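Input: a single structure, listed below in structure tokens.
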Amino acid sequence: GESVGLHLPTLSVQEGDNSIINCAYSNSASDYFIWYKQESGKGPQFIIDIRSNMDKRQGQRVTVLLNKTVKHLSLQIAATQPGDSAVYFCAENIRGDDKIIFGKGTRLHILP
Amino acid sequence: DSGVTQTPKHLITATGQRVTLRCSPRSGDLSVYWYQQSLDQGLQFLIQYYNGEERAKGNILERFSAQQFPDLHSELNLSSLELGDSALYFCASSSSGGRGTDTQYFGPGTRLTVL
């Protein structure tokens, strides 16, 4: 089974507010994590990644936080916009493995 | 646009039939990955090829097979189709050794409907 999972299947956020999407993983050998965004009718799009030797990484309007102690990953989106509406997947790579494992996804819904 | 192309966009077929999905990776990418996405499910990794050779295998059924050609395009063959094979099939590519830490760029997918 999958070791990467998401706490909430749907998240509704007011436009302009910050969004936080959470992800839990169970394999302590996972050392690389990625967030993907999938808009309706499209393939997943890389957003940001983080390696296990870091606990925070920032991109444009997005921040990924990694807490290895509790095996938790989060994606923060600042000033959420209508274009952020999508399903967000976290994915992990286990050290030494060639593949990445995707979680089930969280749907982000933006309220006007 | 990721630079990864997939054809066809939609495919409707009957149970028991065989279909071929095609993927062209981004220019210069050597690795191709295939994923299956069922309704409201995450992406299930099927198989990966790197420079023509099978690199990693996931939850791919024996009825499914894939290959990567010398020009680096890839085909996913699905045979003896069942209703449960209806899904979105995505191809992704990455640039170098195809290790799990390479960024994967996804194509737009092929929606397969088995009636």
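General observations
- Cα centre as origin, Lys/Arg/Asp/Glu Cβ charges: the protein assembly as shown dipole, Debye: 160 debye
- Label-point separation, B:Lys9 to A:His109 (7 Å along Cα→Cβ), nm: 2.7 nm
- Taking other C-beta atoms within 10 angstrom as a stand-in for reagent exposure, B:Asp1, A:Asp98 fall in the order B:Asp1, A:Asp98, fewest first.
- Pair-distance profile P(r), taking every C-alpha pair of the stretch B:67-115, with 10 angstrom steps and integer %: 21, 43, 29, 8
- Along principal axes, Cα extents of the stretch B:1-80, largest first, whole Å: 36, 27, 24
- Cα-centre dipole for chain A with unit charges at Cβ (Lys and Arg positive, Asp and Glu negative), debye to 20: 120 debye
- Rounded to 5, the percent of DSSP beta bridges in chain A classed as antiparallel: 90 percent
- Rounded to the nearest 0.05, the FRET efficiency derived from the C-beta distance between B:Gln17 and B:Ser95 at R0 = 30 Å is 0.30.
- Using a cut-off of 28 Å between Cα atoms, the listed pairs A:Lys56/B:Lys57; A:Lys42/A:Lys99; A:Lys71/B:Lys9; A:Lys71/A:Lys104 include A:Lys56/B:Lys57; A:Lys71/B:Lys9 as exceeding that distance.
- Placing +1 on the Cβ of every Lys and Arg and -1 on the Cβ of every Asp and Glu, with nothing else charged, gives chain B a dipole about its Cα centre of roughly 80 debye.
- Comparing mean-square fluctuations of A:Phe46, A:Phe89, A:Phe102 from a GNM of chain A with C-alpha springs under 10 Å, the top value falls on A:Phe46.
- Length added when fully stretched, B:Glu82-B:Ile60, from 0.36 nm per residue minus Cα-Cα: 6.5 nm
- Top of B:Gln44, B:Gln36, B:Gln68 by mean-square fluctuation, Gaussian network on chain B, Cα under 10 Å: B:Gln44
- Solution diffusion estimate, µm²/s, Stokes-Einstein, chain A, Kirkwood Rh from C-alpha pairs, 37 °C, viscosity 0.692 mPa s: 235 µm²/s
- Candidates B:Ala92, B:Ala56, B:Ala66: whichever shows maximal mean-square fluctuation once chain B is modelled as a Gaussian network with Cα springs under 10 Å: B:Ala56
- Compactness relative to 2.2 N^0.38 Å, alpha carbon Rg of the protein assembly as shown: 1.01
No lab work stands behind these numbers, since they all come straight from the coordinates. Not measured: the values here are computed from a predicted model. Here Cβ is always computed from backbone atoms with ideal geometry, including for glycine, and neighbour counts include all displayed protein chains.
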